[in-house]
1. Counting pairs of Cα atoms in region 47-138, how many percent are more than 20 Å apart?
2. Just the accessible area per residue of the chain, please: how many Å² with a 1.4 Å probe?
3. From zero up to wherever the largest Cα-Cα distance of the chain sits, split into 10 Å bins and tell me the percent of pairs in each.
4. Give me the percent of Cα-Cα pairs in region 130-189 that sit more than 15 Å apart, rounded to a whole number.
5. Which whole-number percent is the relative contact order of region 34-96 (Cα, under 8 Å, 6+ apart)?
6. Heavy atoms only, probe 1.4 Å: what % of the accessible area of region 1-125 goes to carbon and sulfur, would you let me know?
7. Can you give the FRET efficiency for T63 and D123, using 1/(1 + (r/R0)^6), R0 = 25 Å, r = Cβ-Cβ distance, to the nearest 0.05?
8. Suppose the chain between D12 and E112 were pulled fully straight at 0.36 nm per residue; how much longer would it get relative to their current alpha carbon spacing?
Amino acid sequence: MKVQTRWHILEDPLAVAEEAARRVCEAARRAISERGVFRIVLAGGRTPQDMHMLLTRADTDWTRWRVYFGDERCLPVNDSERNSEAARVALFDKVSIPAQGVHPIPAELGAEAAAAAYVPVVDAALPFDVVTLGMGEDGHTASLFPGRVYPTAEIVHAVHDSPKPPPGRVSLSAGALSCAREILILVTGAGKRDAVAAWRAGQALPVASIGGETVVDVLLDQDACGDLN
Ligand code: 6PG
């Protein structure tokens, strides 16, 4: 199925974070009103951290939030490089999401065991209300990297020899990341410009494999889009 993508060019990283936070809060309001619960997948890396911090100001019922992760690095639980640890510092420690509402990927167990343990968690959560993702300079997203083949039957992958350290990771599959009512991909910085251009030119990058029935909304800043205007 051809992925439909909407490109939203914003002034700078803060504008991207503000628009992403606005969309997440609106999705949360709608999900909680319609289904009594809001299921969101958080992106890893640095880009979403401003959004996570802005979400601490949200006027929302945090007890209805269920938080998942698009990927995780195989590091000790409290390692500052863990995506779950970055989200704890920026968001969870500042709002009243119940501990049982946050579902970290147990990547400290090792990639295979963690992926196996996360399958039932993802299975029970689908479809997500919102999936947020970043993109690397090579067009990777979550821990889905170019040139790799991921078993299509899996909804959670064990990843080894990752080109972005650490080598061991766990990633939701493109299919699981696409099973959402709303997909937001946040891209900022001139370093992402070439990958954005390749993506828009139709190159089969991992980030381009996300979406399908759900339109993908890409929130990018001026630096990342170059002469996209
Ligand atoms: C990770 C992320 C990864 C990230 C991109 C962009 O664990 O590193 O899941 O996919 O989103 O590499 O990272 P930045 O936002 O730091 O540029």
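The values are calculated or read from the model by the stated rules, or taken from the named source; none is laboratory data. Everything numeric here is computed off the predicted structure, so don't read it as measured data. Cβ placement follows ideal geometry from the backbone for every residue including glycine, while neighbour counts extend to all protein chains displayed. Each accessible area value is taken on the protein alone, full model and side chains, heavy atoms only, with ligands, DNA and RNA left out. Shrake-Rupley method; radii C 1.70, N 1.55, O 1.52, S 1.80 Å.
1. Roughly 38 percent, once rounded to a whole number.
2. 45 Å²
3. Whole-percent P(r) values from 0 Å outward: 8, 36, 40, 16, 1.
4. 51 percent
5. 40 percent
6. Carbon and sulfur: 50 percent of the exposed surface of region 1-125.
7. The calculated FRET efficiency here is 0.65.
8. 32.2 nm
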